[in-house]
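Below is one structure; the comments refer to it alone.
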There are 2 protein chains.
Amino acid sequence: MHPPTLRTVGSFCARRSYQIRKCSSGAAYVEKVKLLDYWKLQDSALQSEFPRSRLLLMVDKRVLVQKVDGDIKMIENGVSELRKKLGDYGLIFDQSHSCLLDAVPGPQNDLIPLFGTSIDAAEMPDDSPISKTDILGELGGSLGGKFTSLRTAMLAMNDERQRLLLAKFQSLSRWSSIYRRCPKCAAALKMRVSKSGAECVTCQRVYYPTLSPVAITIVTDESNENCLLVRHRGSANGVFTVVAGFAHTGESLAECARREIAEEVGIFAHLVQQLNMSQPWPMPDSSMMVAHRAVADRNQEVVVCPDELETAQWFSRDQVRKALETTVADPFLKGLPRTLDDRQRLHYIPPRGAIAHAIIRDWVQGKF
Amino acid sequence: MHPPTLRTVGSFCARRSYQIRKCSSGAAYVEKVKLLDYWKLQDSALQSEFPRSRLLLMVDKRVLVQKVDGDIKMIENGVSELRKKLGDYGLIFDQSHSCLLDAVPGPQNDLIPLFGTSIDAAEMPDDSPISKTDILGELGGSLGGKFTSLRTAMLAMNDERQRLLLAKFQSLSRWSSIYRRCPKCAAALKMRVSKSGAECVTCQRVYYPTLSPVAITIVTDESNENCLLVRHRGSANGVFTVVAGFAHTGESLAECARREIAEEVGIFAHLVQQLNMSQPWPMPDSSMMVAHRAVADRNQEVVVCPDELETAQWFSRDQVRKALETTVADPFLKGLPRTLDDRQRLHYIPPRGAIAHAIIRDWVQGKF
């Protein structure tokens, strides 16, 4: 049988062992995209791939990672090895706990699925001599790493591909655990194996994972030498960030940025521009953060929305540069100030995994 | 009683007659945003405003418009006058059929809500001498305009504020008609008066109107003198447009653009940039279109996705300029080619209401 050509895409994907041909990286990219699209829609084809898939793992919403060269990386396992190791701790899983994340090179120079598997550990009985935390610690060790919180992993990961995979993993796991019944008619939803969609068994309406656009915006003054940063209620001491909020229907992203600035800090931005930067973010719900910069008259009185923000203040470029440097030198924010007095001073900006970090960094560096 | 100040926002909104003060347009903008935010969340406050609100109207998903100076504009009515005129045709409505769109100047120099009211007309009995279409025609006339399809209105409207209001109207009407039951537990959802959210009466989970990010992308070659346009299956004869598709979780918008180009036309774009332009669009589902440009090697073989596209072709700037001019001169596409031969030739691009039109126009004019 001849190897498939680009012309026959659509039928060739059905073959189980799909050869990666030695072609330009562009053509390989196109074929991988088409294979993923095929797997997303074809439940039986993807299901038959499951036994030879690679898996990332979350237990109790904590993700299995290892430290590699000062970075955090998720650990991949094969299905049978993971099944055996989890089985030792009384944990089981199958494809219903798993969402399709990517296509990765397999053992036979072909592409195999990469799934994210998310399971819950049972609570230990009250009289158990060991706690669930102990068990997760042991299980993590037996798998060559440890379980860490989703938030820590997302914020501290340096490798963009890892961060995007984790964002997808959490978004699809969460969405597929919520969308069980049709919002229109309350009948059961049949979830795709890939978790990329679900169809109502009664009215046939199809639902897709929700992904909400967010405008995330750095506000500068007209000189572009000062920017307005905010402190959210309950955020870590000394951490300031930019303004962000969900887009509403009936407004552009730029209009969303302008509205959120008015709602959160009570000022009017006369100029709003989209920056060439976006990032999916899975917490608390799945969102698509789109970067903006806005310009506002610094003489306006800042009045923060008290439900969301503790404070909002103008800072000079030098002040923000110092906070950027502190954050880069201490990405896990271990030196967070402990006193109440210090809490409202600018010490840190969000860590490197957040798009807010990149926006603030680019502004400090004079890129816009 | 003193007029409210910006400092007291949060409490002042509760007052029924909220004065628009003579202040800078920036401060008036901020106050309007905060008032809308208040109405969105406070059902009883918004409900009490309903009788004096202004209303836009859809019947059977057709929107009430009039032609003004060669443009299309939605007709606003007061609640009591609309109730009387619809009553003459046996049609009734209340706030449950209505979604909050904006705050507009009221008769007492204050701000009052602008709602969109969407109702269905009952089918006529088979033996009725008049049809539903006749009745809608008459009703439209009695209201000073006519009912037109949502699609026609969205595409042909020139005024951006009108188009954004209509996008919001359709998106909220549609979403609030679908989200009746909790997707997690199937209990009833309690819809806000504004239709900006709904809460499960059992598990208290809150759902918001879905709004899906879309990357919409013009693909050019490296010389930037040619662009690749596509014809969707079932689209009007002779109309070509740019590539677009929904973003997935776990990818940036630029990565979405690259993936959609691979899926739809089978080529790899080595450069993708976000343009400073976005637009909410309500059909078929509510989406946030974010404009991109991509650059691809023109020597790659174009292989269209047969489920979605009829063809994809490279065109020169002059060819596209001509189609742009034809479309601008004939915004309702009345001169669409009728023959099969002509169908696959580039005659038109999407009309002025679509962001695709603006992207193609900006490219023709050499803006990027």
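Read-outs throughout are calculated quantities, based only on the coordinates presented, and are distinct from any laboratory measurement. Computed from a predicted structure; not experimentally measured. Every residue, glycine as well, gets a Cβ built from its backbone with ideal geometry; the counts of neighbours run over all protein chains shown.
A few remarks follow.
- Net charge of neighbours whose Cβ lies under 9 Å from the Cβ of B:Arg192, counting Lys and Arg as +1 and Asp and Glu as -1: +1
- Percentage relative contact order, chain A, counting C-alpha pairs under 8 Å, at least six apart: 14 percent
- Sorting the Cα pairs of segment A:312-368 by distance into bins of 10 Å, from 0 upward, gives 24, 55, 20, 1 percent per bin.
- Packing rank of A:126-132, B:195-201, A:222-228, where each peptide gets the mean count of other beta carbons within 10 Å, highest leading: B:195-201, A:222-228, A:126-132
- Anchor B:Lys73: aspartates and glutamates whose Cα lies under 14 Å away (excluding residues fewer than 8 positions away in-chain): B:Asp159, B:Glu160
- Here, segment A:212-364 has an Rg and a Dmax of 14.5, 44 Å when only alpha carbons are counted.
- Other protein chain C-beta atoms within 10 Å of residue C-beta, averaged over A:158-167: 1.
- Cut-off under 5 Å, modelled amide H: who pairs with A:Met277 long-range: A:Ala291
- Under 5 Å from the amide H of A:Ala103 lie the amide H atoms of A:Leu114, each residue being 5 or more positions distant or on a separate chain, with H modelled from the backbone and absent for Pro and chain starts.
- Between copies, B:Lys67 shows label-point distances of 7.3 nm, shortest first, with the point placed 7 angstrom from Cα along Cα to C-beta.
- Kirkwood Rh (inverse of mean 1/r, distinct Cα pairs), chain B, angstrom: 23.0 Å
- Between the amide H of A:Tyr348 and those of A:Val239, A:Phe240, distances stay under 5 Å, these residues lying 5 or more places away or on another chain, with hydrogens modeled in the peptide plane.
- The phi-based Karplus calculation (6.51 cos²θ - 1.76 cosθ + 1.60; θ = phi - 60°) puts the 3J(HN,Hα) values of segment A:303-314 at 10, 7, 6, x, 5, 9, 10, 8, 7, 9, 9, 7 Hz, whole numbers, x for Gly and Pro.
- In a simple Cβ point-charge model (Lys, Arg +1; Asp, Glu -1; nothing else charged), the protein assembly as shown has a dipole of about 260 debye relative to its Cα centre.
- Phi-derived couplings, Karplus 6.51 cos²θ - 1.76 cosθ + 1.60 at θ = phi - 60°, listed residue by residue for segment A:276-291: 8, 7, 8, 7, x, 9, x, 10, x, 10, 6, 9, 10, 7, 10, 6 Hz, with x used for Gly and Pro.
- Oblate is the label for segment A:49-165, because the ratio a/c of its alpha-carbon gyration tensor axes (a ≥ b ≥ c) is 1.5 or higher and a/b is not greater than b/c.
- Rg to Rh, two decimals, where segment A:133-258 supplies the alpha carbon set and Rh follows Kirkwood: 1.08
- For B:292-304, mean number of other protein chain Cβ atoms within 10 Å: 2
- Put the Cα centre of segment B:319-368 next to the Cα centre of segment B:172-194 and the gap is 39 Å.
- 23 Å Cα-Cα reach of B:Lys184 towards lysines, excluding residues that sit fewer than 8 places from it in its own chain: A:Lys40, A:Lys61, A:Lys168, A:Lys184, A:Lys190, A:Lys195, B:Lys195
- Gaussian network model of chain B, springs between alpha carbon atoms under 10 Å - residue of B:Arg231, B:Arg180, B:Arg352 with greatest fluctuation: B:Arg180
- Ellipsoid fit via the Cα gyration tensor, the protein assembly as shown: semi-axes of 41, 35, 28 Å, each the root of five times an eigenvalue, largest first.
- Residue with peak Gaussian network fluctuation, chain A [Cα springs, cutoff 10 Å], from A:Ile178, A:Ile72, A:Ile119: A:Ile178
- Across peptide B:251-260, the mean count of Cβ atoms from other chains lying within 10 Å of each residue's own Cβ comes to 5.
- Rounded to whole numbers, the Karplus 3J(HN,Hα) couplings from phi for segment A:343-359 are 4, 8, 9, 6, 10, 10, 10, x, x, 4, x, 8, 5, 4, 4, 5, 5 Hz, using 6.51 cos²θ - 1.76 cosθ + 1.60 with θ = phi - 60°, and x at Gly and Pro.
- Applying the criteria of a DSSP loop state and at most 16 other Cβ atoms within 10 Å to the chymotrypsin sites (Phe, Trp or Tyr not before Pro) of segment A:36-97 yields A:Tyr89.
- Stokes-Einstein diffusion coefficient of segment B:245-296, Kirkwood radius over Cα pairs, 25 °C, 0.890 mPa s, in µm²/s: 212 µm²/s
- Within a straight-line Cα-Cα reach of under 14 Å, A:Lys146 can be paired with the following aspartates and glutamates, leaving aside sequence neighbours fewer than 8 residues apart in one chain: A:Asp60, A:Asp71, A:Glu76, A:Asp134, A:Glu138.
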